[in-house]
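In what follows, a single structure is set out as structure tokens and then discussed.
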Amino acid sequence: MAATSSPPETDKEPNWFSRMFSSKNSTSQGSSSTNRVTSIINPSFESFGDMLRFRRSADYHPTQQQATMDESLVDIAVNAESDISSLADKSKGTIDFFHTPSGAITTTQGSHYADWSTIDWLSDQARDRLRHQVITEQKTDSMWKRFVAFHDALSGWLCVLLVAINIGIIAAIVDIGAVWLTNIKIGVCLPAFYLSQEQCCWTASNQTYDKYQHVHCAHWHEWSSLFHITSNTAADLNNNNNNNTDFLGVFFATICAILVRTFAPYACGSGVPEVKTILSGFIIRGYFGAWTLLIKSIGMILATSANLLLGKEGPFVHCSSCCGNIFARLFPKYGQNEAKKREILSAAAAAGVSVAFGAPIGGVLFSLEEVSYYFSLKTLWRSFFCAMIASLIVKILSPFENQHLGLFYVGNKYRWFYFEMIPFIILGILGGLFGALFIKLNLAWCKIRKTTRLGRYPVLEVIMVALVTLIVSYPNPYTRMPMSTLIRRLISSCEPDDESLLCDYRRNITSAHEKNDIAKPLSGVWISMGLLFSALFTQTILFIFTFGIKVPCGLFIPSMALGAITGRIVGILFETLVYYWPDFFLFTIECSAADEECVVPGFYAVVGACAFLGGVTRMTVSLVVIMVELTGGLSYSVPLMCAALISKLVGDALVGEGIYDAHIKLNNYPYLDIKAEFIDQTTATDLIENKQDKNELIMLPRDGLTLSDLIAILHTHKYNGYPVIASIEEASIIGFVLRRDLESIIQQRTLSNVESNMNTYISFSRT
């Protein structure tokens, strides 16, 4: 795959780096004693031997005052005689387990990446190779050096282990907290207030279910009955409960929005577009910080319990990446090298999906297919290990098992036949159409939010969306229930003793062991169909306006819920078709030999959920694996693959990108998709504008500039880099030097207390 290809090696392009402050003295000084400094800018190596020669020539001893300036080489990449911890900068917040000599120079370009800038993959890889070589050479010197080498080799596995344990703990807390807060809006369990309604009634002997499969028992008390609020009619009682639910839901949403706006603005949204951008090599300071992790974890609990049309599965990828960034600081190998750090972030992203769905293999494939930019085989192993441990931690800590494991679990009890590929293809087409419609409308609304005064009041927008959602959702029992409960209900089959409206069929069954044939749907089924159509319409509109508000919000579960609704509707219609036309040749052959129901609407809900999520995100392989792990049935892989592939093809034909890539473009992130194809015959000459007459093209001549001239250029023209030309008269480019490297060497001169003459000439040369 394209995602597994490594960045180009350094020997494929010419390597330019400069040697500043040459021995040319300024004529204005008229003295041969003018200070001369030699420094190396932006070192790159064309071979392993070049790295060796460079390291041996880069020894720097600031305490040796008698040494000449030509011998005092200031190496901005590495000081080989210092301890290995000085091979990279002490980034902000980095914890170094090893001692760093006080005289060692630790300035590197890896830690000098500015906010909203792009990392240098080649330079970081070269520094890591050099760091590894130094450790290998020094491990035979002493037992401590041997331990350092062993720690360096094991640090990657230790880091992903810490990430997996912590994201597993966070996921368990978020799951339990979200379920409890969702139920606390309705009532409380008096024997144990920390239990949800379903858990409270597990031990009760008088469980009852209503026509929508809602459980009731004596231990669970709604707020109206707890405070002895009496009503003359059942409608008044429902209105009182509705008011309580609306008030608490808006309260939770408001608290979540205030926390995000006040403490961690980066905690809003899904986070997956930003994770993709950062993994591609972009720098966004603070996006993976500790405050972001804390507020996003709390916000997921509050936003989900507010009954907003959003999920917490996507934000888990952001939270796990925050854990990866935080724990990478404990290991200088990763915390001080941005390219290496992205290996940990890729593994952390896999763990995020693993704890979100209980699908560790699907999480690894999600990281590979959807978010990672550079995914080596070593990263694949660590991602697999991290996802496995994270899923295990959630299973251990959750007192009621992994809730996501039971979300789609149906086992192998459903059978499908080849003629059902027709409705599966229809669901794939509907999923692609829904994905294209959602992306178009959601992007249009997000642009309105960004370009109007609405964007200035994010908290007010969250309050209004929460209030409208709660008011619109309460009359419909299928929108009133949490989305996870709705999905679980829609994918379930209709057992003979099921008396809910969705399973209102006329069956002639006298024993539970008899064959469960297709039966005639009665009025309850058609009432449920009407409610599901209403839920599909209202939830789609609310979903468009909800995704993108300033709270933690994901789209996995909402997309799956809408797909499950559509799939159940299609399944009921196809089941009715088979019932009324049983003599059709396709139905006669297969259904007569079937031991169970020929058409199961619950399985169509599973396929519909896969199709709709695929239409929105354009996931394929990882989506199918996640759905197979969720359902627990390997025999469902072909229908799921068909639905995911068709939805992607239809979506790509209408809108050429998924929701994550669309939001990357909306936010103007510098993301270059490695899977995209560019066909353009335009040459560089057609695009270059001649700016020499306007004096806007800033170039650095190889010879003739003084140190004061260079500082003035850096101060006046704040570009990221400057082309180096042969001379002012002959403006042929010979190289390019980055601004951060020039600033770094000047700063090193200041920190090392080496006096420099501002009129000293500098020179750039290719070595």
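Residues in region 132-161 that are closer than 25 Å to S321 by Cα and open to solvent by less than 70 Å² (accessible area, probe 1.4 Å): 10 in all.
Say we look at region 290-308 and pick out the residues that are open to solvent by less than 10 Å² (accessible area, probe 1.4 Å) and outside any helix (DSSP H, G or I); which of these is nearest to G269 (Cα to Cα)? Here the residue is L308.
The residue list A164, A178 contains one member that is under 36 Å from the mean Cα position of the chain (by Cα), modelled with pLDDT of 90 or more, part of a helix (DSSP H, G or I) and crowded, with 16+ Cβ neighbours inside 10 Å, which is A164. Scanning region 262-274 for residues that are closer than 26 Å to Y671 by Cα and either open to solvent by 40 Å² or more (accessible area, probe 1.4 Å) or of a type in the set (V, I, T) (or both) yields P265, Y266, V272. Considering the conditions (1) in a loop (DSSP other than H, G, I, E, B); (2) without any contact (Cβ under 8 Å) to a residue 60 or more places away in the chain, Y374 is excluded by exactly one of them, (2).
Out of I439, I396, I389, one residue alone is in a helix (DSSP H, G or I) and within 29 Å of F547 (Cα to Cα). It is I439. Which one is nearest to F545 (Cα to Cα), of the residues in region 268-287 that are touching a Leu at 6+ places or on another chain (Cβ under 8 Å) and not hydroxyl-bearing (S, T, Y)? Out of the qualifying residues, it is V275.
Every listed requirement among (1) assigned to a helix (DSSP H, G or I); (2) touching a residue at least 24 places away in the same chain (Cβ under 8 Å) is met by V624 save one, (2).
For the residues R285, R342, the requirement of being in a loop (DSSP other than H, G, I, E, B) and over 24 Å from N183 (Cβ atoms) singles out R285. Are any residues in region 294-309 in contact (Cβ under 8 Å) with a residue 60 or more places away in the chain and out of contact with any strand residue (DSSP E or B) (no Cβ under 8 Å at 6 or more places or on another chain), and if so, which ones? Hits for region 294-309 are S297, I301, L302, S305, A306, N307, L308, L309. Can you confirm whether T620 is polar (S, T, N, Q) and modelled with pLDDT under 90? In short, no. Candidates in region 437-447 are the residues that are under 21 Å from the mean Cα position of the chain (by Cα) and farther than 13 Å from T540 by Cβ; of these, the one that is most open to solvent (accessible area, probe 1.4 Å) is L443. All told, L666 falls short of being in contact with a Phe, Trp or Tyr (Cβ under 9 Å, 6 or more places away or on another chain) and surrounded by 15 or more Cβ atoms within 10 Å (Cβ to Cβ). Assess whether V600 counts as being within 27 Å of D498 (Cα to Cα) and touching a Ser or Thr at 6+ places or on another chain (Cβ under 6 Å). Taking the combined requirement at face value, the residue satisfies it. Among the residues of region 309-331, those that are in a helix (DSSP H, G or I) and open to solvent by 20 Å² or more (accessible area, probe 1.4 Å) comprise I326, F327. Just wondering, is there one or more residues in region 579-597 that are over 26 Å from G311 (Cβ atoms), in contact with a strand residue (DSSP E or B) (Cβ under 8 Å, 6 or more places away or on another chain) and either part of a helix (DSSP H, G or I) or not charged (D, E, K, R) (or both)? Checked region 579-597: at least one residue is over 26 Å from G311 (Cβ atoms), in contact with a strand residue (DSSP E or B) (Cβ under 8 Å, 6 or more places away or on another chain) and either part of a helix (DSSP H, G or I) or not charged (D, E, K, R) (or both).
In a residue-by-residue description of region 728-742, the property of being in a helix (DSSP H, G or I), at pLDDT 80 or above, open to solvent by 80 Å² or more (accessible area, probe 1.4 Å) and closer than 17 Å to I698 by Cα applies to no position. Is it the case that some residue within region 339-347 is without any contact (Cβ under 8 Å) to a residue 24 or more places away in the chain and not hydrophobic (A, V, I, L, M, F, W, C)? Yes, there is a match, as at least one residue in region 339-347 is without any contact (Cβ under 8 Å) to a residue 24 or more places away in the chain and not hydrophobic (A, V, I, L, M, F, W, C).
Matching residues to (1) touching a residue at least 40 places away in the same chain (Cβ under 8 Å); (2) out of contact with any Cys (no Cβ under 8 Å at 6 or more places or on another chain):
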position	(1), (2)
S367	no, yes
V394	yes, yes
F417	yes, no
I426	yes, yes
L454	no, yes
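Looking only at residues in region 359-402 that are within 17 Å of the chain's Cα centre (by Cα) and acidic (D, E), the one that is least open to solvent (accessible area, probe 1.4 Å) is E370.
The values are calculated or read from the model by the stated rules, or taken from the named source; none is laboratory data. Note that the coordinates shown come from a computational prediction; the quantities given were computed from them, not determined experimentally. When we count neighbours, we look across all protein chains shown, and the Cβ atoms used for this are built from the backbone with ideal geometry, even at glycine. SASA here: full protein model, heavy atoms, side chains in, ligands and nucleic acids out. Shrake-Rupley method; radii C 1.70, N 1.55, O 1.52, S 1.80 Å.
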